[in-house]
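Heads up, the thing below is written out as structure tokens.
The values are calculated or read from the model by the stated rules, or taken from the named source; none is laboratory data. Source: prediction; values computed, not measured. Neighbour counts are summed over all protein chains in view; Cβ atoms, including those assigned to glycine, are modelled from backbone coordinates with ideal geometry. We work out accessible area using only protein heavy atoms, side chains counted, and drop any ligands, DNA or RNA first. Shrake-Rupley method; radii C 1.70, N 1.55, O 1.52, S 1.80 Å.
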Amino acid sequence: MSRQARFYQWGMVIDLDRCTGCGACVVACQAENNVALVEKQRFAEGRDMHWLRIERYWEGEFPHVRARFLPMLCQHCGDAPCEPVCPVYASYHNDEGLNGQVYNRCVGTRYCGNNCPYAVRVFNFLNPDWPQPLPDQLNPDVTVRSRGVMEKCTFCIQRIRRGKETAKSEKRLVRDGEIQPACAQTCPPGAIVFGNLADPDSHVSRLARSPRRFRLFEDLGTDPSVIYLKGGGHEHAG
Amino acid sequence: MKRRTFLKLTGMSSASLALSGCQKSNEKLIPFLVAPEDGTVPGQADDYASVCRQCPAGCGILVRVSEGRAKKIEGNPLHPVNRGRLCARGQAALQDHYHPDRVRQPLQRDGERGSGRFAPISWDQALTLLTERMAGLRTAGQADRLALFTPPLTGSLATLVGRFRDGYGCRQHLAWDWLNTEWLRRVSQLSFGIDGVPDYDLAEAQYLLSFGADFLETHLSPVRYGQSFGAMRQLRPTVRGRFTYVGARLSLTAASADRWLPARPGTEGVLALGLARELLLRGVFDQAALQAAGLEASELLGQLSAYTPRAVSESTGVSPADLQATATDLATIRPALIMAGDAVAWQTNGLEAGSTIQLLNILVGSVGHTGGLHFSPPTAPGAGSSFADLRTFIRQMAAGRIDTLLVRGTDPAYSLPPALQFQAQLHKVPFLVSMTRVLDDTAQMADLVLPEHSDLESWDDVVPDRGVSQQVVGLQQPVVSPLHDSRSFPDVLLALARRLGGEVQRSCPWENYPALLRESMRQRLGNPAEAAFQQEWLGLQQQGGLFEATPPANARPPGGTFRLPSQLGSSFAGAAEAFPLFLQLYLSPFFTDGRGAHLPWLQQLPDPMTTTVWDVWVEINPVTAQQLGIVHGDLVEVTSMAGTIELPAVVYPGIRPEVVAIPIGQGHRAGGRYAAGRRVNPLQLLADIHDERHSLPAWGATRVQLRRLSATGHLVAAGHAEGSYRRDILGL
Ligand code: SF4
Ligand code: SF4
């Protein structure tokens, strides 16, 4: 299907001038997506499972020092470097701009993770373990991944699915703002906005036209669906 | 075959398999055999409105419940405090409910005190034990030797506890925790003659100057102010609000500032007066507000003559250029708003410094105006107990005047600095009862442990004392049935009252707590008839509470006269030669005073400034670290007059060279598998120093020395400590 004919092209804008690095989105993501608990020792071994992380950068020296934050997650690239390297097509692209991961196909070569320039893919080196009764919290809409499987941010595909079903049953298109991934829904300063880039009037499309816009590693030609707005500046986006 | 067609075909045969897998067991969901977006069949879920109790801000929540289990917590969009948003702690509250180490039935001590050995007993046995003890005290005319220790209470619970106390005949109820508002209220009283908590109209402000108020982390109502902060920055089409932060440490909140003024600890008030003098000199101030506060410009300027930029710069360590630039901002940008928080409060001159900061609010005319400072409504609950009350309480313990102590909703054995002697005097209390969800440090010492319902299992009405300028009553309701043999605190009080009989039973006549809640709500609604009330009650349950739409116009105009503090000196515990560094403890953005440390989602959430996980550390300026031969990750020894602890070092660019900082919140002895044994409690470093003139705590007035021990600090950070990529390649 050509780009123009699509109803939905999911995308996200993250305004770094609003993001305070508070971490609410990170916990929201874990709660929504059944992301495994990771002990201290596992972190030391590099086995972090976060789908969304807050990068922190120091800038300058005391007293002219600043810290900047950047929420990092799967960029849902239009030309995703993780997709062509998967020998079993577990990493694939759908026609709404999402980079999907078929867990049951994944054989754990981890090529996709190696090839992702954003380092947002995490691998289940172990089976996830939640002591009782923590498993009762698990979201029934989301698969629990087992050992040997690669996983990453899905833009909360279960919520997109639900939103589209609701819209379909009411014979309409999804309304702007109706679907929100867990991170965007909780973010106190409203730094994360999700929506349909195919609709030029959607909130996300309007923000995406900001003069403050940039994308990560634009020069690699990955065509990310996540658009960042520069922080700390004085210009303003409408 | 195209890949998509293939997926669709396989999808059909497997969808039913996946579905039955979901329903049978929640622990082992069978992974879908199809592309996620084609295979997910959303189950039925309902959202129930309630209130977050992870901190006193009282944000409204919606709990998604599916098949009788709570799955996810979101913000309630209708709640005026948080309008649909939540902080990390609010998001993690689910794990408080499902915590694997929740106490599952009442426990009686079965071994040495503090040994952690308990025997399970029934509720009937537990209540009989407690009733007999209380009845015994009452008969002996010693009812006053029963004491309660809770956080500050609001709403119907405050009513019930008051009635219980009076009916039984004890007076000792300590309602204190780290997030209390005593200092802010006393500053408001001193500066404006108002006994209220400031509420900031941040969204409408164009300039914000925060003196140590970490409003994006733990200060008052972080979700409300986080949301307003986003609006201040980027909601208005032509304006981007600007923000300057004053404080010796670059906190998470400070990291979002445009300018950081790292004033020396204890000199924040001097800086405020230096700025006030500049405004007066330049003739840019709100004449009417000044007059209303009983101040006269030229006279004030005379009193401030010593606070020249040079003198202020020397005292505070802030450069004259930064001082002037900030003065220019304050003089030219309106509306401007000035906040004051913990880092100022916890000095020995905290009260005076706070009032000099409020002088700036008077000068820029922010009080009661759009984009300025407002106050919690008179209907908001009071501050709870004072710091003076806390110390009296501990003296009562030491004097053996407390026989039975019931602790609920707080963990003083962890969260009170040992210098206050609470832990040391606990053995003078013959019978300690803890009502708790996990065996925390206090419960570990208890003789009787009563398991409490989780917040998702309990009723309450929550009246925030902060972050509001109108009346807000959140309605907390049970959204799932209890997981364990636990009870709610108010229902235990009512059960005790019934068993004790007599006066206390007469003063607590309610059949159960919801009956009292309905009665209180009916009163708030002006006592409608039963049928009408029934309707309203359902509506309140649906929307999550009773919310006054807008603040009453100019509800609380400042009264009284402002008096310039006569002195601004601050003192510190520990001689500068032996203890060359200032210790700044701060409330962890995730664990606050330790109450969140049992939640694994928060433990594994990388600290935003250091990216450390599951740990506690000491932050040191790079230059100081180099002088002491310390590198990032080393194990160091921190020593104050009060004690010595060992922590890993974090080399932290955002802190003054003569200051080191440690987050509060880790180092629990107990508290379940996720909290227990994470190094040491840094509160033991605090010396016994307070603002004795005003009976206020001075948690920021201890000096320390540092010594490198070894290279093995076992510090673990998520990802690279400097960020995974170079900032320049990212285009930041
Ligand atoms: S919740 Fe929002 S403000 Fe907080 S870290 Fe995430 S994106 Fe940033
Ligand atoms: S600010 Fe307090 S009440 Fe609000 S979500 Fe966070 S912890 Fe809960």
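Taking B:Phe375, is it under 26 Å from B:Leu220 (Cα atoms) and either among the hydroxyl-bearing types (Ser, Thr, Tyr) or at pLDDT 95 or above (or both)? Against the criterion (under 26 Å from B:Leu220 (Cα atoms) and either among the hydroxyl-bearing types (Ser, Thr, Tyr) or at pLDDT 95 or above (or both)), B:Phe375 does not qualify.
Within region A:205-216, can you find the residues that are farther than 19 Å from A:Tyr8 by Cβ and more than 16 Å from the chain's Cα centre (by Cα)? A:Ser210, A:Pro211, A:Arg212, A:Arg213, A:Phe214, listed by residue number.
For region B:64-75, check the following and say yes or no: at least one residue is farther than 26 Å from B:Pro151 by Cα, within 14 Å of ligand 2 (Cβ to nearest atom), at pLDDT 95 or above and open to solvent by less than 10 Å² (accessible area, probe 1.4 Å). Scanning region B:64-75, I find at least one residue that is farther than 26 Å from B:Pro151 by Cα, within 14 Å of ligand 2 (Cβ to nearest atom), at pLDDT 95 or above and open to solvent by less than 10 Å² (accessible area, probe 1.4 Å), so the answer is yes.
Restricting region B:195-218 to residues that are more than 9 Å from chain A (Cβ to nearest Cβ), open to solvent by 10 Å² or more (accessible area, probe 1.4 Å) and closer than 20 Å to B:Leu587 by Cβ, the residue that is farthest from ligand 2 (Cβ to nearest atom) is B:Asp214.
Could you check region A:12-59 and list, in sequence order, the residues that are among the small types (Gly, Ala, Ser), more than 16 Å from ligand 1 (Cβ to nearest atom) and open to solvent by less than 30 Å² (accessible area, probe 1.4 Å)? The one that is among the small types (Gly, Ala, Ser), more than 16 Å from ligand 1 (Cβ to nearest atom) and open to solvent by less than 30 Å² (accessible area, probe 1.4 Å): A:Ala36. A Cβ distance below 6 Å, combined with a sequence gap of six or more or placement on separate chains, defines the contacts here; from region A:26-45, residues that are of a type in the set (S, T, N, Q) reach residues that are away from ligand 1 (no atom under 16 Å from the Cβ) in the pairs A:Asn33/A:Val142; A:Asn34/A:Leu138; A:Asn34/A:Asn139; A:Asn34/A:Val142; A:Asn34/A:Val144.
Let's see how each residue does on (1) within 16 Å of ligand 2 (Cβ to nearest atom); (2) outside the structural domain of B:Pro606 (by TED's automatic domain parsing); (3) buried (at least 22 other Cβ atoms within 10 Å of the Cβ); (4) touching a residue at least 40 places away in the same chain (Cβ under 8 Å):
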{"position": "B:Pro80", "(1), (2), (3), (4)": "yes, yes, yes, yes"}
{"position": "B:Gly84", "(1), (2), (3), (4)": "yes, yes, no, no"}
{"position": "B:His97", "(1), (2), (3), (4)": "yes, yes, yes, yes"}
{"position": "B:Pro106", "(1), (2), (3), (4)": "no, yes, yes, yes"}
{"position": "B:Gly116", "(1), (2), (3), (4)": "no, yes, no, yes"}
{"position": "B:Gly136", "(1), (2), (3), (4)": "no, yes, no, no"}
{"position": "B:Leu146", "(1), (2), (3), (4)": "no, yes, yes, yes"}
{"position": "B:Phe149", "(1), (2), (3), (4)": "no, yes, yes, yes"}
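Kindly indicate the residue of region B:179-196 that is in a loop (DSSP other than H, G, I, E, B) and at pLDDT 95 or above and also farthest from B:Gly560 (Cα to Cα) among those meeting that condition.
Across region B:179-196, the extreme among qualifying residues is B:Leu179.
Only residues that are under 15 Å from the mean Cα position of the chain (by Cα) and either among the charged types (D, E, K, R) or away from ligand 1 (no atom under 14 Å from the Cβ) (or both) were counted across region A:67-87, and they come to 7.
Within region A:51-66, the set of residues being within 17 Å of the chain's Cα centre (by Cα), within 7 Å of another protein chain (Cβ to nearest Cβ) and either over 28 Å from B:Arg249 (Cα atoms) or not acidic (Asp, Glu) (or both) comprises A:Arg53, A:Ile54.
Checking each residue in region B:625-638 for being open to solvent by 10 Å² or more (accessible area, probe 1.4 Å) and of a type outside the set (A, V, I, L, M, F, W, C) picks out B:Gln626, B:Gln627, B:Gly629, B:His632, B:Gly633, B:Glu637. Annotation note: Cβ proximity below 7 Å between a residue of region B:224-237 that is in contact (Cβ under 8 Å) with a residue 60 or more places away in the chain and within 11 Å of ligand 1 (Cβ to nearest atom) and a residue that is small (Gly, Ala, Ser) and open to solvent by 10 Å² or more (accessible area, probe 1.4 Å) (sequence gap 6+ or interchain) occurs for B:Gln227/A:Gly190. If we keep just the residues of region B:554-592 that are more than 30 Å from A:Val27 (Cα to Cα) and either aromatic (Phe, Trp, Tyr) or touching a Pro at 6+ places or on another chain (Cβ under 8 Å) (or both), which is surrounded by the most Cβ atoms within 10 Å (Cβ to Cβ)? The qualifying residue surrounded by the most Cβ atoms within 10 Å (Cβ to Cβ) is B:Phe582.
Yes or no: region B:57-76 includes at least one residue that is more than 7 Å from every other protein chain (Cβ to nearest Cβ), among the polar types (S, T, N, Q) and in contact with a Lys or Arg (Cβ under 7 Å, 6 or more places away or on another chain). No, region B:57-76 contains no residue that is more than 7 Å from every other protein chain (Cβ to nearest Cβ), among the polar types (S, T, N, Q) and in contact with a Lys or Arg (Cβ under 7 Å, 6 or more places away or on another chain). Of the residues making up region B:489-545, those that are farther than 24 Å from B:Ser434 by Cβ, among the hydrophobic types (A, V, I, L, M, F, W, C) and out of contact with any Ser or Thr (no Cβ under 8 Å at 6 or more places or on another chain) are B:Trp510, B:Ala515, B:Met521, B:Leu525, B:Ala529, B:Ala531, B:Ala532, B:Phe533, B:Trp537, B:Leu538, B:Leu540.
Selection within region A:167-192: residues that are surrounded by fewer than 23 Cβ atoms within 10 Å (Cβ to Cβ) and under 17 Å from B:Arg83 (Cβ atoms). The member of this set that is nearest to ligand 1 (Cβ to nearest atom) is A:Gly190.
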